[in-house]
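**Q** Right, I'll just put the structure down here and ask away after.
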Amino acid sequence: MRKIRFSIPLGGKSGRLLPFAALLILTVAGLLGCLSIYSARAFSEAPLVFAMKQLVWLGAGVAVFLAAGLVPFSWYRKAACWLFLLTLLSLFLVLFCGVEINGMHGWFRLTETLSIQPSEFGKVFFLLWLSVAATGSAAASFRKTLFLFGMSFLVILLLMLEPDFGGALVFFAAFLTVMAVSGASSRHLAAAVALLAVCGVIFIALNDYALLRILGYLDPEGGYGVDAWHIRQFQYTMAHGGWSGSAWGNALWSSAFLPLPHTDSLFASLVESTGFIGGMIVICGFCAMGAGFTAMSWKIREGAGRVFVFGVGAMYLVQALIHISVNSVLLPPTGVTLPLLSYGGSSLLSVMLACGMAFSAAKEE
């Protein structure tokens, strides 16, 4: 029986196609995010403001996905180094020219109501550069691994200076993923993990808020102020959801007590609305996304494209699991958004950009 492909024809001699089904899935996930954001803010003074803004960003994200998919991946390979240098420059400049939001100096203020977070787009360009550099000549040599780690460590250091330890973890996960699939020695990877652990200890020692978050996580009743209070709100919010949730628009605990319910605490808010069943569906959805990108990468023969496609699925799966683990009180609180679902134009657009670039790599086969 002949299989039917759900795709949009682009024309041209090669007859290349854009994956309509994938775009539909991403759009539905984005709409679920808008609904979750509305539910998280339902009892606030302006419950629709964040949801409507996210809906506008979703429309722009669809355009970004289509445009990124039309660009040949060969162009991305050639531009990888310049895009990486742009990432380094933006992460450096934001420390001096950026604005502070929620205790982190990581945004450029474009207008009174519009800001951009360079680290979100930097994830994509960093992963692209790593994929191209790691699959070049002498990909698995010690000298190449040391160079790639040095450049990656520079990016992670800039993120820690914001300070954004959660973002640094996602970047490091991208580095480990690319180096592992590119054949780097397990000893070299273990040394990189050990160095990051040392950096983590130094980060905690230099940032009192990080230490308080860990102490509040270990002892929520120990009187560690807002950090321990945040832990308890995660627990109360998810417990209020029960098995089937309190229905959309009725997430009272999220709207009244949970800090940042539409961004860093979105999963807990979503579980309050949809219950344990809804939370498991979201987790399974992200695991399916990672498996889908893995399966797509197997069909790509070109090294950089194969590694990049696999890395996109792995990086956003790790980010989702970090967010979910924090909201489920399996990890201390850290500022990591839930891809596609949490509020934020930079986050949503960067995910759509990465997915469009991934399908561009798959198209070349």
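**Q** What number of residues in the stretch 326-337 are part of a helix (DSSP H, G or I), of a type outside the set (A, V, I, L, M) and farther than 13 Å from Val282 by Cβ?
**A** Within the stretch 326-337, the subset part of a helix (DSSP H, G or I) is 326-327.
If we keep only those that are of a type outside the set (A, V, I, L, M) too, we end up with 327.
Pick out the ones that are also farther than 13 Å from Val282 by Cβ and you get none.
Counting residues in the stretch 326-337 that are part of a helix (DSSP H, G or I), of a type outside the set (A, V, I, L, M) and farther than 13 Å from Val282 by Cβ gives 0.
**Q** Related question: Consider the stretch 90-120. How many of its residues are of a type outside the set (Ser, Thr, Tyr) and over 17 Å from Pro163 (Cα atoms)?
**A** Residues of the stretch 90-120 that are of a type outside the set (Ser, Thr, Tyr), as a first pass: 91-110, 112, 114, 116-118, 120.
Right, trim to over 17 Å from Pro163 (Cα atoms) and you get 109-110, 112, 114.
Total meeting the criteria: 4.
**Q** Evaluate the stretch 274-283: report whether one residue or more is at negative phi, touching a residue at least 60 places away in the same chain (Cβ under 8 Å) and of a type in the set (A, V, I, L, M, F, W, C).
**A** So the first thing to find is which residues in the stretch 274-283 are at negative phi, and the list is 274, 276-283.
With the extra rule that they be touching a residue at least 60 places away in the same chain (Cβ under 8 Å), the set shrinks to none.
No, that holds for no residue.
Residue-by-condition table, conditions (1) within 20 Å of Val351 (Cβ to Cβ); (2) aliphatic (A, V, I, L, M):
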| site | (1), (2) |
| --- | --- |
| Ser131 | yes, no |
| Thr135 | no, no |
| Phe147 | no, no |
| Met179 | no, yes |
| Ala190 | no, yes |
| Tyr209 | no, no |
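**Q** Evaluate the following for Met238: is it part of a helix (DSSP H, G or I), among the hydrophobic types (A, V, I, L, M, F, W, C), in contact (Cβ under 8 Å) with a residue 12 or more places away in the chain and closer than 27 Å to Leu158 by Cβ? Working first, answer last.
**A** Numbers: part of a helix (DSSP H, G or I): yes; among the hydrophobic types (A, V, I, L, M, F, W, C): yes; in contact (Cβ under 8 Å) with a residue 12 or more places away in the chain: yes; closer than 27 Å to Leu158 by Cβ: no.
The answer is no for Met238.
**Q** How many of the residues in the stretch 177-191 are surrounded by fewer than 20 Cβ atoms within 10 Å (Cβ to Cβ), without any contact (Cβ under 8 Å) to a residue 60 or more places away in the chain and closer than 19 Å to Trp129 by Cβ? First the steps, then the outcome.
**A** Residues of the stretch 177-191 surrounded by fewer than 20 Cβ atoms within 10 Å (Cβ to Cβ): 180-181, 183, 185-191.
The next check asks that each one be without any contact (Cβ under 8 Å) to a residue 60 or more places away in the chain; those that pass are 180, 183, 185-191.
Retained after the next criterion (residues that are closer than 19 Å to Trp129 by Cβ): 180, 183, 188-189.
So the answer is 4.
**Q** When you scan the stretch 243-301, how many residues do you find that are of a type in the set (Ser, Thr, Tyr), touching a Ser or Thr at 6+ places or on another chain (Cβ under 7 Å), at pLDDT below 90 and outside any helix (DSSP H, G or I)? Reasoning before the result, please.
**A** The first filter runs over the stretch 243-301 and keeps only residues of a type in the set (Ser, Thr, Tyr), leaving 244, 246, 254-255, 263, 265, 269, 273-274, 294, 297.
Cutting the leftovers down to touching a Ser or Thr at 6+ places or on another chain (Cβ under 7 Å) gives us 246, 254-255, 263, 269, 273.
Still in the running and at pLDDT below 90: 246, 254-255.
Filter once more, so that each one left must be outside any helix (DSSP H, G or I): 246.
Of the residues in the stretch 243-301, 1 are of a type in the set (Ser, Thr, Tyr), touching a Ser or Thr at 6+ places or on another chain (Cβ under 7 Å), at pLDDT below 90 and outside any helix (DSSP H, G or I).
**Q** Something else: Would you kindly identify the helices (runs of 4 or more DSSP H) lying entirely within the stretch 7-109 that contain at least 1 residues that are farther than 30 Å from Leu148 by Cβ and at pLDDT 90 or above?
**A** Numbers: elements: 20-40, 49-70, 73-97.
Passing ranges, in order: 20-40, 49-70.
**Q** In the stretch 69-96, how many residues are over 21 Å from the mean Cα position of the chain (by Cα) and farther than 12 Å from Pro118 by Cα?
**A** Looking only at that region, the number is 12.
**Q** For Met289, work out the one condition from (1) crowded, with 21+ Cβ neighbours inside 10 Å; (2) over 19 Å from Phe172 (Cα atoms); (3) in contact (Cβ under 8 Å) with a residue 40 or more places away in the chain it doesn't fulfil.
**A** Of the numbered conditions (1) crowded, with 21+ Cβ neighbours inside 10 Å; (2) over 19 Å from Phe172 (Cα atoms); (3) in contact (Cβ under 8 Å) with a residue 40 or more places away in the chain, the odd one out for Met289 is (3).
**Q** Under the condition of being farther than 23 Å from Leu317 by Cβ and hydrophobic (A, V, I, L, M, F, W, C), which residue from the stretch 142-152 is nearest to the chain's Cα centre (by Cα)? Give the steps one after another, and end with the answer.
**A** Looking only at the stretch 142-152, we keep the residues that are farther than 23 Å from Leu317 by Cβ, and these are 142-147, 150-151.
Narrowing further to those that are hydrophobic (A, V, I, L, M, F, W, C): 142, 146-147, 151.
Details: Phe142: 29, Leu146: 26, Phe147: 25, Met151: 20 Å.
Restricting to residues being farther than 23 Å from Leu317 by Cβ and hydrophobic (A, V, I, L, M, F, W, C), the top hit is Met151.
**Q** Which of the helices (runs of 4 or more DSSP H) contained wholly in the stretch 111-197 include at least 3 residues that are at pLDDT 90 or above and of a type in the set (Phe, Trp, Tyr)? Quick ask: steps written out before the conclusion?
**A** Working: elements: 118-134, 142-160, 165-181.
Result: 118-134, 165-181.
**Q** List the number of the failed condition for Leu215; all other conditions in (1) more than 30 Å from Leu146 (Cα to Cα); (2) within 21 Å of the chain's Cα centre (by Cα); (3) without any contact (Cβ under 8 Å) to a residue 60 or more places away in the chain; (4) surrounded by fewer than 19 Cβ atoms within 10 Å (Cβ to Cβ) hold.
**A** Going through the list (1) more than 30 Å from Leu146 (Cα to Cα); (2) within 21 Å of the chain's Cα centre (by Cα); (3) without any contact (Cβ under 8 Å) to a residue 60 or more places away in the chain; (4) surrounded by fewer than 19 Cβ atoms within 10 Å (Cβ to Cβ), Leu215 breaks only (2).
**Q** Further question: Run down Ser328, Ser350, Ser346 and say which single residue is among the hydroxyl-bearing types (Ser, Thr, Tyr) and surrounded by 21 or more Cβ atoms within 10 Å (Cβ to Cβ). Reasoning before the result, please.
**A** Values: Ser328 fails: surrounded by 21 or more Cβ atoms within 10 Å (Cβ to Cβ); Ser346 fails: surrounded by 21 or more Cβ atoms within 10 Å (Cβ to Cβ).
None of the others qualify; the one that does is Ser350.
**Q** Please go through the stretch 68-92 and give me each residue that is of a type in the set (A, V, I, L, M, F, W, C) and free of Cβ contacts under 8 Å to residues at least 24 places away in the same chain, ordered by number.
**A** Restricting attention to the stretch 68-92, the residues satisfying the condition of being of a type in the set (A, V, I, L, M, F, W, C) are 68, 70-71, 73, 75, 79-86, 88-89, 91-92.
Once the filter is applied, which keeps residues that are of a type in the set (A, V, I, L, M, F, W, C) and free of Cβ contacts under 8 Å to residues at least 24 places away in the same chain, the stretch 68-92 yields Trp75, Ala79, Trp82, Leu85, Leu89.
**Q** Identify the residue in the stretch 237-278 that is aromatic (Phe, Trp, Tyr) and touching a Leu at 6+ places or on another chain (Cβ under 8 Å) and, among all such residues, is surrounded by the fewest Cβ atoms within 10 Å (Cβ to Cβ). Talk me through it step by step, then tell me what you get.
**A** Going through the stretch 237-278, the residues aromatic (Phe, Trp, Tyr) turn out to be 243, 248, 253, 257, 267, 276.
With the extra rule that they be touching a Leu at 6+ places or on another chain (Cβ under 8 Å), the set shrinks to 248, 267.
Values: Trp248: 14, Phe267: 27.
Out of the qualifying residues, it is Trp248.
The values are calculated or read from the model by the stated rules, or taken from the named source; none is laboratory data. Predicted, not measured: the structure shown is a model, and the values here were computed from it. Here the Cβ is made from the backbone with ideal geometry for all residues, glycine too, and neighbour counts use every protein chain on show.
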